[in-house]
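Below is one structure, written out as structure tokens; comments come after it.
The values are calculated or read from the model by the stated rules, or taken from the named source; none is laboratory data. Please read these numbers as outputs of a predicted model, since none were measured by experiment. Cβ: placed from backbone, ideal geometry, glycine included. Neighbour counts: every protein chain shown.
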Amino acid sequence: PKDALDTLVLNAIDLRPLDQYTMMDHLPFDPSVKRTESTIRGADGKIFKVTKGAPQIILALSHNVSEIQEDVEIKVLDLAKRGIRSLAVARTSEEEADGGWVFLGIMTFLDPPRHDTKRTIELAHQNGIGVKMITGDQSAIAVETCRMLGMGTTILGTDVLPTANVQDGLSASLGADYGAIVESADGFAQVFPEHKFLIVEVLRQRGWVCGMTGDGVNDAPALKKADVGIAVEGSTDAARAAADIVLTQPGLSVIINAITLSRKIFQRMRNYVTYRIACTIQLLMFFFISVLLFHPDSCRFQHFIPRVGDCPYNNNESTEAVDPYFKLPVIALVLITILNDGTIISIAYDNVVPSKRPETWNLPRIYWVSTTLGLIAVASSLLLLFFGLDSWNKNGVLAYFGLGDLPYDEVMMMMYLKISLSDFMTVFTARTDGLFFTRAPGHLLAAAACFATCVSTLLAIFWPFTEMSAISLKLAVFVWIYCLAWFFIQDLGKVLLVFMLEHIEHMNVFDEKVSSKKYVKHEVQRQNRIRMGSSFMNNDSFMRGSFVAGRAVGGSFAERSMTLEQAMDRLVRLEAEMKAIRAVIQSASGVAKV
């Protein structure tokens, strides 16, 4: 069996000398011990074992660890500072296969990030997504990789994380106990699969929506636990099975594309809901109130029916019969609905700008905005209906513009045109939080709205059916001007309401701004860590502290082989290094005012 590293090595050497060796047994790479092992029989019949893995793990196995430890650490750290990864190789002694391990040397290889990874991480931060590196590599490698990617360099080891068996269940207090540590770190190095799982669980308990990327078997538990598990291109079957999303192209930039597209879809859905509620309120409230308050056959509007009784307002000699309450013919409502549906469908192709922060359904805000838009449209429709029914009044508004004495059929047609235009114009104010002209509409939406308004206007002027009568061009122009004036009032009312709601949200009334402020605080802390951590990148003591802390996870054999003086010397060095690291973390993760 060959992995990618085996293939890399075998392609760089002459394979003919290897024919004399026979593999008797092979243990594949185990992320819990971070090494692989094979049992080999040579040409002379002797059997020995070989192993390769993380340098600190192989070093701890070596029989002469105390003699070579310093040289190996210095060499590994020197390579790590240049972003070069290391693997150590060892074999058992020639005398017996179960004898002590002999450290043979270090294999080096360069595995730099993709050319687009840095830009992808920058875009993630710009879109309100925090990024943390969780790797099984050495701390020095993780620090150098974070520096190359423009991330913070506060990389912690597994010593700050709890030890827990995932299968035994997790404590509900993980977020409270370890949340601050995990949030303040830019990444974790030399982790095992259970640590990745724990980090994801801590962040989720702290209220974060957590995504996880991975490609190996050791990533599967964390991929399964995350809110969104993403298996990258070339992942193992286990990672693919555990993930929610499987990438088919190299790199992570497609994730940003998916985030941008999903936020555009969210914006369109929110605009659709706002517009739909506003239109529903306009239609239902208008007809409900008009039925209750406006009675064309009442004494006030007796000019529409023959002279009856001694009503002082009645001066009509017509025998026309009118409804006891105001209504529109069914055909008019059907036309409004059909044309309105065409406009609604075009919202799916509208031009929107994705938010720079993750969004949630802020239902109170949607209700307030849509209700305001709908009620303003209702008020304008009721007012125009009164003007129409009162058109016989010589001192009325319509009479002032030379549009008086409208027959009841023309009043209904006028209201049909008004309601249609208000519905179609509302879409332009429902699609933005600011003034309607701050963002140009999509071509399809603009075309659909123009088509609907033109058809409604032409039907009002050249009405071919019964029950209503066509209106004059002059009256149609008046209705257009009237609707446009109220459209500006409607848009201004929306802007003022959004301003007040944002002020309330800033005072932590709604959850969306609370989470946004939480992210802004952590983003400020991240920027501080990047600036402060750069001064330590060339500090050898800091880099060595990272390596030593990581090696302590798997180096129990080395600790047992130390003398008392060596252990005390190491303890003093570790205390000094940990004080320096703690000072950096505390300074960089201080609470910032936002």
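When restricted to residues that are among the hydrophobic types (A, V, I, L, M, F, W, C) and over 19 Å from residue 397 (Cα atoms), the range 461-488 contains 8.
Just for the range 153-165: of the residues that are at pLDDT below 85 and outside any helix (DSSP H, G or I), which one is surrounded by the most Cβ atoms within 10 Å (Cβ to Cβ)? Selected residue: 153. Would you be able to say whether some residue in the range 415-426 is under 30 Å from residue 269 (Cα atoms), crowded, with 21+ Cβ neighbours inside 10 Å and among the charged types (D, E, K, R)? Yes, the range 415-426 contains at least one residue that is under 30 Å from residue 269 (Cα atoms), crowded, with 21+ Cβ neighbours inside 10 Å and among the charged types (D, E, K, R). In the range 133-148, the residues that are more than 16 Å from residue 79 (Cβ to Cβ) form Cβ pairs under 8 Å with partners that are charged (D, E, K, R), at six or more places apart or across chains, as follows: 133/186; 134/196; 136/34; 146/186.
Restrict the check to the range 396-415 and report whether at least one residue is hydroxyl-bearing (Ser, Thr, Tyr) and closer than 20 Å to residue 370 by Cα. Walk me through how you get there before you give the answer.
Within the range 396-415, the subset hydroxyl-bearing (Ser, Thr, Tyr) is 400, 408.
The next check asks that each one be closer than 20 Å to residue 370 by Cα; those that pass are none.
No.
Among the residues of the range 193-237, just one is among the basic types (Lys, Arg) and buried (at least 23 other Cβ atoms within 10 Å of the Cβ), namely 196.
Only residues that are part of a strand (DSSP E or B) and modelled with pLDDT of 90 or more were counted in the range 108-135, giving 2.
Conditions tested, residue by residue: (1) in contact with a Pro (Cβ under 8 Å, 6 or more places away or on another chain); (2) within 30 Å of residue 42 (Cβ to Cβ).
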| residue | (1), (2) |
| --- | --- |
| 64 | no, yes |
| 80 | no, no |
| 103 | no, yes |
| 106 | yes, yes |
| 110 | no, no |
| 121 | no, no |
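The set of residues in the range 414-441 being in a helix (DSSP H, G or I), touching a helix residue (DSSP H, G or I) at 6+ places or on another chain (Cβ under 7 Å) and among the β-branched types (Val, Ile, Thr) consists of 419, 426, 427, 429.
Select from the range 78-93 the residues that are over 42 Å from the mean Cα position of the chain (by Cα) and part of a strand (DSSP E or B) and list them in ascending order. I'd like the intermediate steps shown before the answer.
We begin by selecting, within the range 78-93, every residue over 42 Å from the mean Cα position of the chain (by Cα); these are 89-93.
Residues satisfying the conditions are 89, 90, 91, 92.
Working carefully through the options 215, 168, 227, find the one that is of a type in the set (D, E, K, R) and at pLDDT below 85. Explain how you work it out, then say what you get.
Numbers: 215 fails: at pLDDT below 85; 227 fails: at pLDDT below 85.
That would be 168, the only listed residue that is of a type in the set (D, E, K, R) and at pLDDT below 85.
Residue 364 meets each of the listed conditions (1) crowded, with 20+ Cβ neighbours inside 10 Å; (2) within 30 Å of residue 125 (Cα to Cα) apart from (1).
Only one of the numbered conditions (1) within 52 Å of the chain's Cα centre (by Cα); (2) free of Cβ contacts under 8 Å to residues at least 60 places away in the same chain is violated by residue 399, and that is (1).
Report yes if residue 141 is part of a strand (DSSP E or B) and in contact with a helix residue (DSSP H, G or I) (Cβ under 8 Å, 6 or more places away or on another chain), otherwise no. In short, no.
Got a sec? Which of 462, 437 is among the aromatic types (Phe, Trp, Tyr), without any contact (Cβ under 8 Å) to a residue 24 or more places away in the chain, under 25 Å from residue 331 (Cβ atoms) and loosely packed, with under 15 Cβ neighbours inside 10 Å?
Working: 437 fails: under 25 Å from residue 331 (Cβ atoms).
Step by step, each of 462, 437 is checked, and only 462 is among the aromatic types (Phe, Trp, Tyr), without any contact (Cβ under 8 Å) to a residue 24 or more places away in the chain, under 25 Å from residue 331 (Cβ atoms) and loosely packed, with under 15 Cβ neighbours inside 10 Å.
Working carefully through the options 411, 369, find the one that is over 26 Å from residue 493 (Cβ atoms), assigned to a helix (DSSP H, G or I), of a type in the set (Val, Ile, Thr) and within 52 Å of the chain's Cα centre (by Cα). Reasoning before the result, please.
Working: 369 fails: over 26 Å from residue 493 (Cβ atoms).
Only one candidate qualifies: 411.
The single residue among 52, 75 that is assigned by TED's automatic domain parsing to the domain that holds residue 21, closer than 22 Å to residue 139 by Cα and in a helix (DSSP H, G or I) turns out to be 75.
Here the condition is being of a type in the set (A, V, I, L, M, F, W, C), within 19 Å of residue 429 (Cβ to Cβ) and in the same structural domain as residue 487 (by TED's automatic domain parsing); of 334, 397, 378, it holds for 378 alone. Answer with yes or no whether residue 379 is under 30 Å from residue 266 (Cβ atoms), under 41 Å from the mean Cα position of the chain (by Cα) and in a helix (DSSP H, G or I). Considered against the rule, which asks whether it is under 30 Å from residue 266 (Cβ atoms), under 41 Å from the mean Cα position of the chain (by Cα) and in a helix (DSSP H, G or I), residue 379 comes out as no.
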